[in-house]
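Undergrad: I'd like to ask you about the structure that follows.
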Amino acid sequence: ASDGEFVRLLKAEPTHFYSVAFSPSSKYVVAGGGEADRNGSEFPNVASVVEVASGKLMAKLTGHQQGVIGVAFHPKEELIATASHDNTVRIWDAANGAQKQKIDAHEGDAWSVSFGNGGKWIASAGQDGVKVWEVETRKEIFNFHGSRAFHVVRFAKNGTTLAAGGRDGNVRVWELAK
């Protein structure tokens, strides 16, 4: 609502959440989290897919060994990507939650993911830089090693312009060739 009225509470897998993303249709939300809190309480390392209208938990994406820090929906809503402190990027079937791919992405934490080129590419930001892979083949097509970690990466709507920001206080922009 335009006045900021509270609309709905979505019940996902109970955990500490670090990231959320709407599906392109806004029908679903994926929320990622996990790890342990300062008191040593453990929380599931999971991403939950929830239908916004009903609040129904549609899928639990389990398999990361540490917290899920970044989440993104594929433009056609058929896939979800996750990034984790376990250094991996994983691709999931959005309909049933099955893991389709695991990419050993970074030499340290993976923090953010974004689909590009109509969903044909997946980008990740991590402790050792920014990388882009072809979703179908997992072939690495771009790799930028920065002097410091990158925490966020996003493709523009055109699918080939990529922006990333991190600890050095800069946002870098690249134009990738199809």
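Undergrad: Using a basic spin-label model with each label point 7 Å from the Cα along Cα→Cβ, how many nm lie between residue 137 and residue 54?
TA: 4.0
Undergrad: I'd like the trypsin sites (Lys or Arg not before Pro) in the stretch 1-90 restricted to DSSP loop residues with at most 16 other Cβ atoms within 10 Å, sorted by number.
TA: 8, 11, 27, 38, 56, 76
Undergrad: Once the Cβ-Cβ distance between residue 100 and residue 148 is put in as r, and R0 is 30 Å, what FRET efficiency do you end up with, to the nearest 0.05?
TA: E(calc), rounded to 0.05, equals 0.45.
Undergrad: Could you estimate the translational diffusion coefficient of the stretch 38-178 from the Stokes-Einstein equation, with Rh from the Kirkwood formula over C-alpha pairs, at 10 °C and 1.306 mPa s, in whole µm²/s?
TA: 104
Undergrad: Taking the Cβ-Cβ separation of residue 93 and residue 20 as r and a Förster radius of 22 Å, what is the calculated FRET efficiency to the nearest 0.05?
TA: With R0 = 22 Å, the Cβ-Cβ based efficiency is 0.70.
Undergrad: Using alpha carbons only, what's the Rg to Rh ratio of the stretch 1-95 with Rh from Kirkwood?
TA: So for the stretch 1-95, dividing Rg by the Kirkwood Rh gives 0.99.
Undergrad: Step through the residues of the stretch 115-131 one at a time and calculate ³J(HN,Hα) from phi using the Karplus curve (6.51 cos²θ - 1.76 cosθ + 1.60, θ = phi - 60°), rounding each to whole Hz and writing x for Gly and Pro.
TA: Rounded to whole hertz, the list is 7, x, 6, x, x, 7, 10, 10, 10, 9, 10, x, 4, 10, x, 10, 9.
Undergrad: How much length, in nm to one decimal, is gained on full extension between residue 172 and residue 27, taken as 0.36 nm per residue of separation minus their Cα-Cα distance?
TA: So the chain would gain 49.0 nm between residue 172 and residue 27.
Undergrad: To continue, here is another question. Would you grab the residues whose amide H sits under 5 Å from the one on residue 88? Only those 5+ places off in sequence or on another chain, please, with H modelled 1.01 Å from N.
TA: Amide H neighbours of residue 88, under 5 Å, 5+ apart: 105, 110.
Values quoted throughout were computed directly from the atomic coordinates according to the rules given, and no laboratory measurement underlies them. It should be emphasised that the depicted structure is a prediction, and the values quoted were computed from it without experimental measurement. Don't worry about glycine lacking a Cβ; one is built from the backbone with ideal geometry, like all the others, and counts go over all protein chains shown.
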